[in-house]
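Report on the following structure.
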Amino acid sequence: MLFKLYPRVHRRYTSLPVLGPILDGFGTWLLQQGYSTDCVREHFCAARRLTRILEQRGIRSLARLTRTRLRACAPPNRLDDRRLTATVRLLERYFESETSLYPPRRRTRIEDHVASFAIYLEQVRGLASSSIKGHCETTAALLAHIGYERRPGRLGTLTAHDIEAFICRRGKGLGRRSLQHIVAHLRAFLRFAGSRAEAPIGLDTQIDTPRVYREEQLPRALSWEIVQALLRAIDRTTPGGLRDYAIFLLISTYGLRASEIVSLTLDDVEWRARRLRIRQRKTGGVLWLPLTDEVATALLDYLRPGRPKLAVRRYRRGFQTDPPKYREVFLRCHTPAGVLKSTAVTEALQAWSRRSELEIPFQGVHCLRHSYALHLLRSGLSLKTIGDLLGHRNAESTCVYLRLATDDLREVALSFPAGASVPTTQENAR
């Protein structure tokens, strides 16, 4: 691989002390991880600087390059030399996964206990991976709070006072809804530990849940003018802008969730039939939607000039490598190549909100979905149609948007003269 990257000067790298013998395998591993050849060249240049640092510290062989000594070569502040910091981090991962130089790190007691809890949640409770992740984070924080790593028997003497102290510490800066999730995680873990005789039985019933009233808050929706202004503010002269515009146009046109956006594949777009297949993650169903001209144009503008450049960047020289084959529509803008996560959609919305300087008080991308539902409601569509488009299981989930139609409710209220009583449902039935 080094010979293909540097046909004339590859010996300049293979002859380097300490790191020279492993650079060829390191570069091949980087390409397999989705890094472009330009990035590989930059990491090789950083490896030459890293070699000089190792020589200055008297390390002249791989046998003496321990994990601690390798980490010590990175600058204290990663912003001082980002490329060197990234090279040190990637070399550590390469040594750990592809060679026997760094054996895998042994898991701690907390990690072992959390891993067994995760298996229980997946195989017995059948929870999704995202839910399991939240449970495990709360459990690890609780075990660290009680000092489980040093005293494993501390879990058996757990009291309600310990749980209350943890909730008070964990709940700082959290709302009642977020704290409700924390309490649910704790109850699940305490039941699990109690069934294995590792914690007192019945401790999960002694935790109070924060009171959250149903429909106490309105859905977070933007005005349709703000949504259109946000779409116009996206710069579509770059691959990232073309991608983000297509994403937000899909959400504002069909009311899709972020998870449905990132899971959309090339096979889900039927161009000749002019329809779009959406696999609804929440209900598990499949929804077929008409492919509008505006959405089709936005997708083509992204797929033709934008998407091929996202997997692997343009090469400066003749060496070529096949980019990873992804069927997902939306990919990362920067190396390493890969598909998007739901959090990336939210981060893109926050970035364009700041650039557009629009008054968007919400941070989550779900506000566009609520805005779409409100727009349909004001357009005169029935609640049943709106619920089917949004993938709601029951009508109650859709009726929440009725509270946002304040203009319509105001017209109904003003239609009655002052002092007149509003007819009841039984009177209307008569």
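Between residue 275 and 270, 291, the built amide H atoms are under 5 Å apart, and every one of these is 5 or more places off in sequence or on another chain. Our estimate of slack between residue 339 and residue 362, defined as 0.36 nm per intervening residue step minus the Cα-Cα distance, is 5.8 nm.
Considering only C-alpha atoms, what is the centroid distance from segment 108-171 to segment 52-74, in Å? After rounding, the separation between the Cα centres reads 37 Å. Among 69, 378, 107, the largest mean-square fluctuation in a Gaussian network model of the chain, built with springs joining Cα atoms closer than 10 Å, belongs to 107. Residue 208 exposes around 130 Å² of accessible area when a 1.4 Å probe is run over every protein chain in place. Label zone of residue 69 (point 7 Å out along Cα→Cβ, amide N under 18 Å): in segment 24-59 this covers 47-59.
Provide the net charge surrounding residue 233, with neighbours chosen by a C-beta distance below 14 Å and charges set as Lys +1, Arg +1, Asp -1, Glu -1. Residues near residue 233 contribute -1 overall.
FRET efficiency for the residue 165 to residue 196 pair, using the beta carbon distance and R₀ = 22 Å, is estimated at 0.40.
Every helix of 4 or more DSSP H residues in the chain counts as -39500 (n - 2.57), and over all residues that averages to -15500 deg cm²/dmol at 222 nm.
If you bin all the Cα-Cα distances of segment 58-117 at 10 Å, starting from zero, the percentages per bin are 20, 38, 30, 11, 1. Applied to segment 299-305, the Karplus parametrisation 6.51 cos²θ - 1.76 cosθ + 1.60 on θ = phi - 60° returns per-residue 3J(HN,Hα) values of 5, 5, 4, 7, 5, 6, x Hz, with x for Gly and Pro. The 3J(HN,Hα) values that the Karplus relation (6.51, -1.76, 1.60; θ = phi - 60°) gives for segment 173-188 are, in residue order, x, 9, x, 5, 5, 5, 5, 5, 5, 4, 5, 5, 4, 5, 4, 5 Hz. Gly and Pro appear as x. Note on segment 221-271: Cα-only Rg and Dmax are 11.9, 33 Å. Which of rounded, prolate, oblate describes segment 1-100, given a ≥ b ≥ c as roots of the alpha-carbon gyration tensor eigenvalues and a/c under 1.5 marking rounded, otherwise prolate only if a/b is larger than b/c? Note, shape of segment 1-100 comes out rounded. Summary of the geometry: segment 349-390 and segment 251-295, compared by the centres of their Cα atoms, lie 17 Å apart. Under the shape rule built on the C-alpha gyration tensor, where the axes satisfy a ≥ b ≥ c, the chain is oblate, since a/c reaches at least 1.5 while a/b does not exceed b/c.
Scanning residues 5 or more positions from residue 265 or on other chains, those with amide H under 5 Å from its amide H are 329, with H placed 1.01 Å from N in the peptide plane. Sequentially through segment 135-143, phi angles give Karplus couplings (6.51, -1.76, 1.60; θ = phi - 60°) of 4, 5, 5, 5, 5, 4, 5, 5, 5 Hz, Gly and Pro residues having no value and appearing as x.
The values are calculated or read from the model by the stated rules, or taken from the named source; none is laboratory data. What you are looking at is a predicted structure, and each value in this text was computed from that prediction instead of being measured. For neighbour counting, all protein chains shown are included, and Cβ atoms are generated from backbone atoms with ideal geometry for every residue, glycine included. SASA here: full protein model, heavy atoms, side chains in, ligands and nucleic acids out. Shrake-Rupley method; radii C 1.70, N 1.55, O 1.52, S 1.80 Å.
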